[in-house]
Amino acid sequence: MGHLSEEFWSERYKTDQTGWDLGTVSTPIKEYVDQLTNKDLKILIPGCGMGYEGEYLHEQGFTNVHIIDLSIEPLNAFKERVKDFPTEHIHKGDFFAHEGKYDLILEQTMFCAIDPALRSNYADTVAKMLKPKGKLVGVLFDFPLESGP
């Protein structure tokens, strides 16, 4: 489970091994966000990486956006890019240990990056963090570990 460690992800950012990084907000997330009207929703983006989704939400006037990542490198890059984002909404730490209740959790790449054995734990953690009538929305990939017979 080395890929759950801060060291693993920090090394990926330091050596620019970030093939998942689109360099911008993902189209499905952008299209979902664009139809939201309540700018006060409390939103969490787990495993946010460079935080393009958080940046987009912030630019669109959402006032209660929170981002979390294990690695400090992408969070520092985010702070440099989005200087007026509230620092108390930037969380460096383990999503599975994070405390908070949210109206919306936006999933971009974390689910597919964690060990498949932890996916049920991910679902349990999301369920605990969502407020009543809260939603998990995102881009999820669940590739089989083996292909074919």
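Points worth noting:
- Segment 95-116 - residue that is out of contact with any His (no Cβ under 9 Å at 6 or more places or on another chain) and without any contact (Cβ under 8 Å) to a residue 60 or more places away in the chain and, of those, farthest from Q60 (Cα to Cα): P116
- Taken over segment 48-73, the criterion of being buried (at least 22 other Cβ atoms within 10 Å of the Cβ) and among the small types (G, A, S) is satisfied by G49, G51, G54.
The numbers here are math on the coordinates, done by the rules we state, and not lab data. Keep in mind that this is a model prediction, so the values were computed, not measured. In this analysis, Cβ positions are derived from the backbone assuming ideal geometry, glycine residues included, and neighbour counts consider all displayed protein chains.
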